[in-house]
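Colleague: Pasting in a structure now, in structure tokens, and then I'll have a few things to ask.
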Amino acid sequence: MSRGGRDKDRSEPERRCIATGVSGPTAPLVRFVVGPEGDVFPDVAEKAPGRGMWVSADRAAIDLAVKKNLFSRSAKAPVKAPADLSDRVEALLTRRLQDALALARKAGLAHMGFDTVHRRLKSAPVAALIEASDGSEAQRAKLRPMAGEAPVISCLSREELGLAFRRDNVIHAALDAGGVTKTVLREASRLNGLRGHEAVSID
């Protein structure tokens, strides 16, 4: 069983974080590879060729890997990791989450607006509640209890959410279950880690 008490999916690959030493599924990790010039760069899509090095999606873990030269140790060769690597990862994960939310919106799985979200929460369970990190705390306090056990995505600002929904800003949204939902939850979980927000369950 995993630390959360659930049975592991034995078909799910496991990797070891080079900063914390903890092994587990790749979902909460970020993959890094070394380019032709010996530079370390994040492969958040996990498609780049070469041997991958994995670090927890956590700013402190990435900063530690840079500071302690853990990428060179893992690569068994001198490599160059930029000091702002965690900032670069955060920017890439922000864009990936926005893109995933945009796909969910186009598929009719993501719905925005306080009144719309309020109605959906009253009528049926949602896959996730989405709230802007700089939104009204009073309104967030009204919606959160209605979401029950649904994960809460709160790592994007109202402007960042607005880009995903093609609006100037968005404060409240809800996500239904569907084809792209797991992708949204995974990217939200990783970005939450970079920004120090509460973990998002992707089960």
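The values are calculated or read from the model by the stated rules, or taken from the named source; none is laboratory data. Quick caveat: nothing in here was measured; it's all calculated off a predicted structure. Here the Cβ is made from the backbone with ideal geometry for all residues, glycine too, and neighbour counts use every protein chain on show.
Colleague: Considering each of Asp176, Asp134, Asp99 in turn, give the residue that is over 22 Å from Ala27 (Cβ atoms) and of a type outside the set (A, V, I, L, M).
Modeller: Asp134
Colleague: Can you name every one of the strands (runs of 3 or more DSSP E) wholly within the range 1-44 that holds 1 or more residues which are of a type in the set (D, E, K, R) and modelled with pLDDT of 90 or more?
Modeller: Ranges flagged: 14-16, 29-34.
Colleague: Confirm whether Leu194 is at pLDDT 95 or above and either assigned to a helix (DSSP H, G or I) or assigned by TED's automatic domain parsing to the domain that holds Arg105 (or both).
Modeller: No: the conditions fail for Leu194.
Colleague: Shifting gears a bit: Looking at the range 168-178 only, could you name the residues that are charged (D, E, K, R) and either touching a strand residue (DSSP E or B) at 6+ places or on another chain (Cβ under 8 Å) or part of a helix (DSSP H, G or I) (or both)?
Modeller: Across the range 168-178, the qualifying residue is only Asp176.
Colleague: Being within 22 Å of the chain's Cα centre (by Cα), of a type outside the set (D, E, K, R) and part of a helix (DSSP H, G or I) is true for just one of Ala141, Ala61. Which residue is that?
Modeller: So the residue among Ala141, Ala61 that is within 22 Å of the chain's Cα centre (by Cα), of a type outside the set (D, E, K, R) and part of a helix (DSSP H, G or I) is Ala61.
Colleague: Restricted to the range 148-167, and to residues that are hydrophobic (A, V, I, L, M, F, W, C) and part of a helix (DSSP H, G or I), which residue is surrounded by the most Cβ atoms within 10 Å (Cβ to Cβ)?
Modeller: Taking the candidates together, the pick is Leu161.
Colleague: Over 19 Å from the mean Cα position of the chain (by Cα) and not polar (S, T, N, Q), is that true of Gly148? Step through it out loud before you land on a result.
Modeller: Details: over 19 Å from the mean Cα position of the chain (by Cα): yes; not polar (S, T, N, Q): yes.
So Gly148 fits the description; yes.
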